[in-house]
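Asker: The structure is given below, and queries will be raised subsequently.
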Amino acid sequence: MSHDRFYSRVNGPTLHRVNAVRWVDEVSPRHLAGGGNPRHVTERLLASGWSDHSVVGFPHVLRESPDQRLHLALEPELDAHSPWWRINPAENHEWSAQFGGNTPVEMIAGFTDALNSAAPQPETDLWQLAASRGWTLLRTGSERAALSPDETALLSRTPSLAETPVWRWTVQVSVPLSAGRHQWIWNSSIDEAAPAAAVAGFVTALTDPGPLLRVEGQTPHLTFGFLDSHRSAVTPEQHRLRHLKRLQATRTPNPAGPPPAGRPPPPGQARHKSRR
């Protein structure tokens, strides 16, 4: 089915036809660039072997990891400040990660890409990382925070108000209005019990000083006047091909495919392997 004649957010740079997208902009600071295209996350998970459990006809996306231990839900709401994205273990829910609708998908992908990586990740001092990228470190008692160079994003490590506090990494992004007021753009919350590599992946993507690519209509109008935006040398077609290359680099082999050629293992060994 062709969607070329429909005016919809689905008409993004990942479709086969991109003539509806006239240009791509480079936008900074990246935390004000807007959510972007959700497929940067959702299609990458499918390519990594995650299964699709979305209900046909309902406006949401549900993904389950290959080992069935992790769930991702994307449920857009009218309020872009509410948690559109939720990631958590499938059973015990000992941690969760939540991201508002205007959270750049590249930052969410920093979290989910690390969840999919089997390679061991070195420990990262996230505060020093932020400081090395121009963020100002703050501290109040046991709570720590870092303020972005433009002072519109605050990364914090704070406890919950529960009787047994749960420590979380939170981000609050807002732009100033008159009379000391602020307009909230997005916020996120990641429990500290989440995999450390995934937390580091998110913070690394958040504090990266480089711009993000956005097509027409993907930048929140509330951030106008606070952005540095200019036409990118990257064409819409090149933007699409970059996305496809990202998927191709992630695709997992079909587990039901034929085994590699060679001498088969002894029957007992084969049975042992099948149980692992």
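All of the numbers you see were taken from the coordinates with simple rules; none came from a lab. Fair warning: this is a prediction, and the values are worked out from it, not measured in the lab. Here the Cβ is made from the backbone with ideal geometry for all residues, glycine too, and neighbour counts use every protein chain on show.
Asker: With each label point set 7 Å from Cα along the Cα-Cβ vector, what nm distance links SER132 and GLN183?
Answerer: Here the answer is 3.5 nm between the modelled labels.
Asker: Given H placed 1.01 Å from N in the peptide plane, which residues other than close sequence neighbours of TRP186 have an amide H under 5 Å from its amide H?
Answerer: Amide H neighbours of TRP186, under 5 Å, 5+ apart: VAL173.
Asker: Between region 116-157 and region 198-250, what is the C-alpha centre distance in whole Å?
Answerer: 21
Asker: If you don't mind, there's one more thing I want to ask. What's the FRET efficiency of SER51 with SER82 using the Cβ-Cβ distance as r and R₀ = 30 Å, to the nearest 0.05?
Answerer: Values: r = 26 Å, r/R0 = 0.86.
Once rounded, the FRET efficiency stands at 0.70.
Asker: If you put +1 on each Lys and Arg Cβ and -1 on each Asp and Glu Cβ, how big is the dipole of region 108-255 around its Cα centre, in Debye rounded to 20? Before the final figure, lay out the partial values.
Answerer: Working: 13 positive and 13 negative charges, 87 e Å.
Around 420 debye, computed over region 108-255.
Asker: What length, rounded to one decimal in nm, is gained on full extension from ARG139 through to ARG22, with 0.36 nm per residue of separation minus their alpha-carbon distance? Intermediate results must be reported in sequence, preceding the final value.
Answerer: On the way: separation 117, 0.36 × 117 = 42.12 nm, distance 4.52 nm.
The ARG139-ARG22 span can extend by a further 37.6 nm.
Asker: Given 0.36 nm per residue, what is the gain on full extension from GLU163 to GLU94 after removing their alpha carbon distance, in nm?
Answerer: Working: separation 69, 0.36 × 69 = 24.84 nm, distance 1.62 nm.
Gain in length upon complete extension: 23.2 nm.
Asker: Report ³J(HN,Hα) in whole Hz for each residue of region 186-197, in order, from the Karplus equation J = 6.51 cos²θ - 1.76 cosθ + 1.60 where θ = phi - 60°; Gly and Pro get x.
Answerer: 6, 9, 9, 8, 10, 4, 5, 6, 5, x, 4, 5
Asker: For region 42-183, what is the charge dipole size about the Cα centre, in debye to the nearest 20, if Lys and Arg each add +1 at the Cβ and Asp and Glu each add -1 at the Cβ?
Answerer: Values: 10 positive and 17 negative charges, 78 e Å.
With only Lys, Arg, Asp and Glu charged at Cβ, the dipole is about 380 debye.
Asker: Could you grab the relative contact order for region 156-216? Cα pairs under 8 Å, six or more apart, rounded to a whole percent.
Answerer: Over region 156-216, the number comes to 22 percent.
Asker: At 0.36 nm per residue, minus the direct Cα-Cα distance, what do ASP67 and GLN248 gain on full extension? Give it in nm, one decimal, please. Walk me through the intermediate numbers first.
Answerer: On the way: separation 181, 0.36 × 181 = 65.16 nm, distance 2.11 nm.
That pair, ASP67 and GLN248, stretches by 63.0 nm at full extension.
Asker: Note down the net charge around LEU137, summing +1 for each Lys or Arg and -1 for each Asp or Glu among other residues with Cβ under 14 Å from its Cβ. Intermediate values should be presented prior to the final figure.
Answerer: Values: positive: ARG133, ARG139, ARG144, ARG157; negative: ASP125, GLU143, GLU151.
Value of the local net charge: +1.
Asker: Just name one of VAL173, PRO159, PRO149: the one whose Cα is farthest towards the positive end of the charge dipole of region 129-208 (beta-carbon charges, Lys/Arg +1, Asp/Glu -1).
Answerer: Working it through, the farthest residue towards the positive pole turns out to be PRO149.
Asker: Kirkwood Rh, Cα Rg: Rg to Rh for region 105-198? If you can, show how the numbers build up before the last one.
Answerer: Working: Rg = 14.7 Å, Rh = 14.9 Å.
Dividing the radius of gyration by the Kirkwood radius yields 0.99.
Asker: Take PHE226 and PHE58, extend 7 Å from each Cα along the Cα→Cβ direction, and tell me the distance between the two endpoints in nm.
Answerer: According to this spin-label approximation, the distance is 3.4 nm.
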